[in-house]
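Asks: Please read through the structure below; I'll follow up with questions.
The values are calculated or read from the model by the stated rules, or taken from the named source; none is laboratory data. Since we're looking at a predicted model, the values are computed, not measured. Using ideal geometry, Cβ is built from the backbone for each residue, glycine included, and neighbour counts are taken over all protein chains shown. Surface accessibility is based on the protein's heavy atoms, side chains included, excluding ligands, DNA and RNA. Shrake-Rupley method; radii C 1.70, N 1.55, O 1.52, S 1.80 Å.
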Amino acid sequence: MHQTHVSISTQSRDAALHGVAAAPDRFGRRAAAALIAARLDEADPAGFATAAERLAADYEHDIERRDQAATRLAALRAELKARHLDGFVIPLADEHQGEYLPQRARRLAWLTGFTGSAGLAIVLADQAAIWSDGRYTIQLDQQVDGTLYQRLHITDQPPWDWLAQAIGTGARIGYDPWLHTPDGLARLVAACTRAGAQAIPVDDNPIDAIWTDQPPPPLGLVEAQDLAHAGESSADKRARIAAELKAAGQDAALLTLPESIAWLLNIRGSDVPHNPVPLSFALLKDDATVDLFIDQRKLSPDIGAHLGNAVALHAPEALGDALDALGGAKRRVRLDSATAPSWAAARLAAAGATLAKGEDPCLLPKACKNPVELAGTRSAHIRDGAAVCRFLRWFDQTAPTGNTDELGVAEQLSRFRQADPLIRDLSFSTIAGSGPNGAIVHYRATPESNRRLAPGEIFLLDSGAQYVDGTTDITRTVWVEGAGDPTAEMRDRFTRVLQGHIALARVRFPQGTSGQQLDVLARHPLWQVGLDYDHGTGHGVGAFLSVHEGPQRIAKAGSPVALKPGMIVSNEPGYYKTGAYGIRIENLQAVTDIGQPAGAERHLLGFETLTFVPIDRRLIDITLLSSDERRWVDDYHRAVRAKVGPLLDGEDLAWLDQATAPL
């Protein structure tokens, strides 16, 4: 059996230190520092960890230095000129198309100052532009210098249309093939073709050439996931997926999504914030063996025994040779053109492999949670619900005093959650929006935007955590007491959002139904008075994995994938009045098999609610609710008391009893 007791030379100490510093805060960096220090036989492990913390702070400060935006843009243009390129495309992406990026991959933030989670920039010799979606319109204006970049909406003024009009015949537009999927690259190539220009892949990213203090790839600790939480052995998962490949006449599948690799091998990592995945690539063969391409310095000592002989470990830089070998053997390789880097597709094709384009084979089975994963998720939600209830009791006492602000609220909520020994991270950066900031859908409080809470306002709080047994995501909209009651408009909007939430929670639907077909249920009460919200109603959620998981989704333009038993989705309709307040009510719910009731002609599915935290009764207009809707609220609050109440006592329990009183 292969070993993972990797030794690190003293000469490599600095490289390892920088790798640890590039891992995210909290469990990733702390645990990795301890592991690496032990392998270095560090005389002062605490000093090693402290040095990593200092370096991490330097990395963060350097990336978000907006005062350097003009200098960095000029340096990039000089580098492009030296490479005989007329422009370059900078997506907000890494090699894995992850939602959360390692520090090394935050090229867009380093160049432009924009720190949102969706964006793209194009730099030409004489002009530049940056795009994001409607969630980040305000943030884009606040963070990016309008004299350097045109700030554009990605839907209203698509980047490829802009590019086709901005460049001339013969222009050479560079792109990093590691950061564009084949599907995404096709749109760039089409734009260049329209203009008579060329899309040129670069061997190395020109931003990396000018980013002198760029962090290295992160060294976050990678550990085995216990079978008691996974519910199915990695060997069984590999055999199941390999049989699918063999049946399709495919010799191997290239896995590029770290969450798929984490699920398949029952491992968890800490290379990026909030998503417990190890950055890596893998080749799953039709005989159920796996080649895993990962930096072995970050593997815990027990990984070798956990993975077994059917999983071979390789350095990340060995991936190219492995793809060449598949091509040389004329193998048929599955590759997901929506998520894999175009570099891999080009390398396989050039080597002689046959590309079998298809969805990542782990996506659907990963989305359908097994009974053990569902049980763990239920348990995590009850404990998380208790933490949120303790926080809401604190909030109701503290917020009316005016002595706290958005950042303080987010920190206090985190403290309540950190009391749980099973927590590993937050599942995303907490959205704590007071008054008008709550109307910014994906608002992130910063020292510049931080707002003090005031009585007589609506407060929106969207948060979640990663526990070893499950992932949570909950939004509650609450009233800050102390200056009268909510207005009639506030109560009307809140109640309509609640009605949409109830409709989606209660629905029964036939097998084969997609989330797109259910989305209208959550919007209907708002539509009746000419209102709506500009985001999806629900996203998939992993089991101690990504808080935003596919392929299922509930949205107007949702995924065509049918909802299946075991899938977890959010239910989060909302309403946002610009400059005034925001409202969102979010629970997670699991798809359940109801069966075929007596007299029914179709097999039915439904939802099981997983989240148990009171909904603010002060914001409900009871006159708008039907008797069935009132009954749902009372039944839900009765369930909250029954499930979460035993974990509370004293003032917290008294608060819960009051917050869940019948309407």
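Asks: Give a residue-ordered list of calculated ³J(HN,Hα) values for the stretch 121-132 (Karplus: 6.51 cos²θ - 1.76 cosθ + 1.60, θ = phi - 60°; whole Hz; x for Gly, Pro).
Replies: 10, 10, 10, 10, 5, 10, 7, 8, 9, 9, 10, 8
Asks: I've got another one for you. How far is helix 27-39 tilted off the main Cα axis of the chain, in degrees rounded to 10, range 0 to 90?
Replies: Tilt relative to the chain: about 40 degrees.
Asks: Please state the charge dipole magnitude for the chain, taken about the Cα centre, from unit charges on C-beta atoms (+1 on K and R, -1 on D and E), reported in debye and rounded to the nearest 20.
Replies: Roughly 960 debye, rounded to the nearest 20.
Asks: Can you give the Rg/Rh ratio of the stretch 355-428, where Rg is from the C-alpha atoms and Rh is the Kirkwood radius?
Replies: 1.20
Asks: Can you give the translational diffusion coefficient of the stretch 434-485 in µm²/s, computed by Stokes-Einstein from the Kirkwood radius over Cα pairs at 37 °C and 0.692 mPa s?
Replies: 260
Asks: While we're here: How would you rank 431-443, 229-241, highest first, on the average number of other Cβ atoms within 10 Å across their residues?
Replies: 431-443, 229-241
Asks: Please report, in whole Å³, the volume per residue of the convex hull around the C-alpha atoms of the chain.
Replies: 172
Asks: If you don't mind, another one. Take every Cα-Cα distance within the stretch 105-183, group them into 5 Å bins from 0 onward, and report for each bin the whole-number percent of pairs it holds.
Replies: 3, 14, 26, 25, 21, 9, 2, 0
Asks: Could you sort ASP462, ASP324 by their accessible area in this structure, using a 1.4 Å probe and putting the largest first?
Replies: So, going from the largest accessible area down, we get ASP324, ASP462.
Asks: In whole angstrom, note down how far apart the Cα centers of the stretch 290-340 and the stretch 524-587 are.
Replies: 35
Asks: With a 1.4 Å probe and all protein chains kept in place, how much accessible area does TRP527 have, in Å² rounded to the nearest 10?
Replies: Counting only protein heavy atoms, the figure is 110 Å².
Asks: Which peptide among 551-562, 276-287 comes first, and what is the full order, when sorted by highest mean count of other Cβ atoms within 10 Å?
Replies: Top of the packing list down: 276-287, 551-562.
Asks: At 4 °C and 1.567 mPa s, what whole-number value in µm²/s does Stokes-Einstein give for the translational diffusion of the stretch 441-519, with Rh from the Kirkwood sum over Cα pairs?
Replies: It diffuses with D of about 81 µm²/s by this estimate.
Asks: Another question about this same structure. Can you tell me what the convex hull of the Cα atoms of the stretch 72-142 projects to on average, as an area in nm²?
Replies: Average of the hull's projected areas for the stretch 72-142 equals 5.1 nm².
Asks: Going by a ≥ b ≥ c, the root eigenvalues of the Cα gyration tensor, does the stretch 268-355 fall in the rounded group (a/c under 1.5), the prolate group (a/b larger than b/c) or the oblate group?
Replies: The shape class here is prolate.
Asks: I need the shape label for the stretch 180-224. Rule: rounded when a/c is under 1.5, else prolate if a/b > b/c, else oblate, with a, b, c from the alpha carbon gyration tensor.
Replies: oblate
Asks: Let me ask something else about it. Using each residue's phi in the stretch 331-336, evaluate 6.51 cos²θ - 1.76 cosθ + 1.60 at θ = phi - 60° and report the 3J(HN,Hα) Karplus result to the nearest Hz, with x for Gly and Pro.
Replies: 7, 9, 10, 7, 9, 8
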